[in-house]
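Student: Quick one: the structure is below, and I'll ask about it shortly.
Each value in this text was obtained by applying a stated rule to the coordinates, not by laboratory testing. As the structure is a prediction and not an experimental result, all values here were calculated from the model. Backbone-built Cβ (ideal geometry, glycine too); neighbour counts: all protein chains shown.
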Amino acid sequence: MTSLSSLVTIERHILDQQGQHPGATGRLTSLLYDIALAAKLIARETTRAGIANILGATSDENVHGEKQQKLDVYADQVIFRMNDHTGRVCVMASEEHDDLLPIPAHHQPGYYVLIYDPLDGSSNIDVNASIGTIFAIHRKITPGDGHGTMDDVLQPGSRLVAAAYVIYGSSTMLVYSTGNGVHGFTLDPSVGEFLLSHPDIRIPAPGQYYSVNHGHHKYWSPGIRHYVAWLQALEDTDRQPLEHRYIGSMIADFHRNLLRGGVFVYPANERRPNGKLRLTYEAQPLAFIAAQAGGYASDGIGDILDLQPRDLHQRVPVFMGNRDLVEKAEWFLRRFDRDLLAEYEKRR
Ligand code: AHM
Ligand code: MG
């Protein structure tokens, strides 16, 4: 039984973190708490998915031409409705929507921008594998009390004030950072509370796992082929290979590698010259968390946190995890993919 003196709820933790920022208004604290509440509602539905007969695709396709699952729609709506009337958020953007999600004028001025991927890895829903939700929070940068704009949303990841993800796995966990380390909470469903289970997460070294979709080998560049061969220690018999793990749910792959050490890779390939993952919804928040845990995230050229997004649904190649493993990827790409990198740099 857990000793009561060691029980830290997410609310208490967020408040304690706020206390470390003199002059904090409490708005960010409340926004994070709203996010935790949305996560609990989504967790409730994901764990009841089979029972509630909620599984299965809707007839709608999202802006990327992918079939939406019912839970995607539910998660998207819960997050929006939880945050559209609080006066804390000036604009939202969801991976499931083409355009910005404006906040009604009577709920302005909001000071924060909320960007989210409501249910990442949704192709895994029907097979009961882990899925996740990702949140990114920026401060409003455009002047005045008006609506948030595209300029407020398209900020480099280095300006994030907070990022979080929720993993719906064998238990539900919420992991967040406000720039003061990375902290993980496990949902106790019997009391409906997120309790601190992983304080101050640091990515361990040496990395244990690498995660990449090997089914794409045929489409990989020479740089990626050499890099993955290096991870497998194929060309270097003195080193131990890293273990391979890949679920196809970025949050689950990232989370495991954050706790165990390793590298998550979704590179550009012949069919996807900019990779698959989205800069604002997926790469920036996880890069922020990786950096706060002592790791590093790169697009193959440099720090993902330094990239200035050009458009809302921009894709980006992703290498994230232990710094030495990510820097090694950059090294292989510089050595073998010079022309491809030069082309990519023009679109970057
Ligand atoms: P989604 O946002 O449509 O769910 O797609 C993102 C997911 C990531 O979670 C995962 O890393 C990746 O797609 C897997 O793609 P692939 O099947 O090409 O390996
Ligand atoms: Mg996604």
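Student: With +1 on each Lys and Arg Cβ and -1 on each Asp and Glu Cβ, how big is the dipole of the chain about its Cα centre, in debye rounded to the nearest 20? Please list the in-between numbers first.
Tutor: Details: 33 positive and 41 negative charges, 75 e Å.
Approximately 360 debye in magnitude.
Student: What number in nm² do you get for region 4-198 if you take the convex hull of its Cα atoms and divide its surface by four?
Tutor: Result: 11.9 nm².
Student: Once you've got the Cα coordinates, tell me which of LYS276/LYS346; LYS70/LYS218; LYS70/LYS140; LYS218/LYS276 are over 25 Å apart. Before the final figure, lay out the partial values.
Tutor: Details: LYS276/LYS346 18 Å; LYS70/LYS218 33 Å; LYS70/LYS140 32 Å; LYS218/LYS276 16 Å.
The answer is LYS70/LYS218; LYS70/LYS140.
Student: Would you mind checking which residues have amide H under 5 Å from THR172's amide H? H placed 1.01 Å from N; only 5 or more apart, or other chain.
Tutor: For THR172, the qualifying residues are LEU187.
Student: Which of ILE125, LEU195, THR25 sits farthest toward the positive end of the charge dipole of the chain, with +1 on the Cβ of Lys and Arg and -1 on the Cβ of Asp and Glu?
Tutor: LEU195
Student: Once you have the Kirkwood Rh of region 209-347 from its Cα pairs, apply Stokes-Einstein at 25 °C and 0.890 mPa s and quote D in µm²/s. Each step should come with its number before you reach the end.
Tutor: Numbers: Rh = 14.8 Å.
After rounding, the answer is 165 µm²/s.
Student: For a footprinting-style exposure proxy, rank MET150, MET92, MET320 by other Cβ within 10 Å, fewest first.
Tutor: Values: MET150 14, MET92 22, MET320 33.
So the ranking, lowest neighbour count to highest, is MET150, MET92, MET320.
Student: Between region 285-337 and region 69-131, what is the C-alpha centre distance in whole Å?
Tutor: 25 Å
Student: What stretch of the chain, leaving out the sites themselves, is the longest with no GluC sites (Glu not before Pro) in a DSSP loop having at most 15 other Cβ atoms within 10 Å? All intermediate terms of the calculation are to be shown ahead of the outcome.
Tutor: Values: sites that count: GLU66, GLU235, GLU270.
Segment 67-234 is the longest.
Student: Could you list ILE201, ILE14 so that the one with the fewest beta carbons within 10 Å of its beta carbon is first and the one with the most is last?
Tutor: Numbers: ILE201 19, ILE14 25.
Neighbour counts put them in this order, fewest first: ILE201, ILE14.
Student: Moving on. May I ask for the percentage of alpha-carbon pairs in the chain that lie more than 29 Å from each other?
Tutor: That fraction is 38 percent.
Student: Just to check, using Stokes-Einstein with a Kirkwood Rh over alpha carbon pairs, what's the diffusion coefficient of region 99-173 at 20 °C and 1.002 mPa s in µm²/s?
Tutor: Details: Rh = 14.1 Å.
Value of D from the Cα-based Kirkwood radius: 152 µm²/s.
Student: What do the square roots of 5 times the Cα gyration tensor eigenvalues come to for region 157-212, in whole Å, largest first, as semi-axes of the equivalent ellipsoid? Show your work: numbers first, answer last.
Tutor: Working: eigenvalues 91, 58, 26 Å².
They are 21, 17, 11 Å, listed from largest to smallest.
Student: To the nearest 20 Debye, how big is the dipole of region 209-347 about its Cα centre, given +1 on the beta carbon of each Lys and Arg and -1 on that of each Asp and Glu? Don't skip to the answer; put the middle values down first.
Tutor: Numbers: 19 positive and 18 negative charges, 77 e Å.
The dipole of region 209-347 has a size of about 380 debye.
Student: Using the Karplus equation 6.51 cos²θ - 1.76 cosθ + 1.60 (θ = phi - 60°), what ³J(HN,Hα) coupling, rounded to whole Hz, does each residue of region 128-133 give in order, writing x for Gly and Pro?
Tutor: Once θ is set to phi - 60°, the couplings for region 128-133 become 6, 9, 4, 10, x, 10 Hz.
Student: Also: Taking the number of other C-beta atoms within 10 Å as the exposure measure, put HIS106, HIS97 in order starting with the fewest. Mind dumping the intermediate values first?
Tutor: Values: HIS106 7, HIS97 16.
The fewest-first ordering by Cβ neighbours comes to HIS106, HIS97.
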